[in-house]
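None of the figures in this text is laboratory data; all of them are computed from the coordinates on show. Everything quoted here is computed from the prediction, not taken from an experiment. Glycine also receives a Cβ, built like all others from the backbone with ideal geometry; neighbour counts cover every protein chain displayed.
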Amino acid sequence: MTGTEAHEDLRLAVRKLCQRFPNSYWRELDQQRTYPEAFVQAMTEAGYLGALIPKEYGGLGMSLVEASIILEEINRSGGNAGPYHAQVYTMGTLLRHGSEAQKRAYLPQIARGDLRLQAFGVTEPEAGTDTTSITTAAVRQDNHYIVSGRKIFISRVQHSDLMILLARTTPLEQSKKKSQGLSVFLVDLREAVDHGLTVKPIRVIMNNETNELHFNQVAVPVENLIGVEGEGFRYILDGMNAERILIAAECIGDGRWFIERATQRAKERSVFGRPIGQNQGIQFPIAQAHIHVEAADLMRFRAAERFDQGEPCGAEANMAKLLAADASWEAANVALQTYGGYGLAADYDIERKFRETRLYQIAPISTNLILSYIAEHVLGLPRSF
Ligand SMILES: Cc1cc2nc3c(=O)[nH]c(=O)nc-3n(C[C@H](O)[C@H](O)[C@H](O)COP(=O)(O)OP(=O)(O)OC[C@H]3O[C@@H](n4cnc5c(N)ncnc54)[C@H](O)[C@@H]3O)c2cc1C
């Protein structure tokens, strides 16, 4: 079987699973702002939650190309890969930088779905995009680190057992460089919540379980430090290329869903005695958005293949994320326009997916920060911050 045939089989398998969760399922959850428990359970049973976990730790040992196909197909079905995607790339920090004992203790349980590692706590209210300015502190006391501080916009905390946390172990003033003195921890949320950790939900534009976290002297055992103390920022950066590529694939899925819907609607909806899609004013924006989605998809695969071959892929991963997020947002606007007033009615799902895909202009990395990366690191322009 060639690589492409295997990919086609994977696509079909994910598509089949997604058919059990039609748009009405996602719409209802969106209206109630609830978590897709049944969907995540089905993904777990299929083994997909352990997609990138190597086989020796009980996972599927897939390539990033394959994992990206799973995410694309979820969004392409009209669903939202958000409740699933974090586990795919969050565990990469543990996989790449955790000790053998940590990997043996956690990865098989995560792959089986017995433990959920769905939360990733980096962003803070004051620091925002400037991650090295975070102030959440982890101070060593005997066999524990005592964590105090605040995090904001942290997803899926209420549906996760573990969280990867970035905190400062050396105060900024005492660190040689801003990027030093930061460390990564595996926080057991089952123990931390109500033992110093307060979780306050934040309602956002789409159905994403988002929270503000307040750490008040939360004790984290020293054995939960991942890698070397003070090196955490580098570990977080290490995971970013995979994250950008996977998010790009979700955007491609969204883009294709919007184009399919817009095309179908343009053929079926008749106004002035003919299908609206007969007007070039309707046709051309759909065609243009389609071209942009397909072009972005090439960059997504180029980035994912380079990643899988262990080649540098920072430029490609960032470009793929930007191109795909822009293409899906363009396709969302085109679909909304094609649907007219119906696009704004919840029953047609366009407005839901429109809200969902808008997120990717801002999180997990905003468009400006990608442009800044390309300007400085690829083109060698002077640093601006
Ligand atoms: C639904 C949702 C879920 C999220 N989930 C998580 C999560 O699970 N874990 C987590 O850690 N974080 C999470 N985030 C946070 C997300 O990563 C941040 O919102 C994002 O990184 C931007 O940070 P900020 O909101 O503080 O924006 P700010 O830093 O306040 O920036 C505001 C705007 O200014 C721009 N900007 C800032 N500095 C510059 C500059 N130097 N040049 C040009 N433009 C600049 C930014 O690009 C942005 O558009 C989530 C956010 C949302 C909305």
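Summary table below
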| read-out | value |
| --- | --- |
| Added length on full extension, which subtracts the Cα-Cα distance from 0.36 nm per residue, Asn216 to Asp347 | 42.8 nm |
| Alpha carbon Rg of segment 292-381, scaled by the compact-globule rule 2.2 N^0.38 Å | 1.27 |
| Between 0 and 90°, nearest 10: helix 82-97 axis offset from the chain longest Cα axis | 40 degrees |
| Projected label distance in nm at Leu369 and Gln264, using a 7 Å step from Cα toward the beta-carbon | 3.5 nm |
| ³J(HN,Hα), Karplus 6.51/-1.76/1.60, whole Hz, each residue of segment 165-179, x for Gly, Pro | 10, 9, 9, 8, 9, 10, x, 3, 4, 9, 8, 5, 10, 4, 7 |
| Selection of chymotrypsin sites (Phe, Trp or Tyr not before Pro), segment 216-286, meeting DSSP coil and at most 16 other Cβ within 10 Å | Phe272 |
| When the convex hull of its Cα atoms is projected in every direction, mean area for the chain (nm²) | 20.1 nm² |
| Centroid-to-centroid separation of segment 92-170 and segment 337-385 [C-alpha atoms, Å] | 26 Å |
| Ratio Rg/Rh [Cα only; Rh per Kirkwood] for segment 203-247 | 1.08 |
| Two-decimal log10 I(q)/I(0) for segment 5-114, as the Debye equation yields it once each C-alpha is a single scatterer, q = 0.11, 0.17 Å⁻¹ | -0.35, -0.79 |
| Base-10 log of normalised Debye intensity for segment 64-192 (one unit scatterer per alpha-carbon) at q = 0.15, 0.22 Å⁻¹ | -0.81, -1.38 |
| Zone residues, segment 54-79, relative to Glu100, backbone N less than 18 Å from point 7 Å out along Cα-to-Cβ | 54-58 |
| Per-residue ³J(HN,Hα) for segment 303-309, Karplus 6.51 cos²θ - 1.76 cosθ + 1.60, θ = phi - 60°, Hz, x for Gly and Pro | 5, 5, 5, 5, 4, 5, 8 |
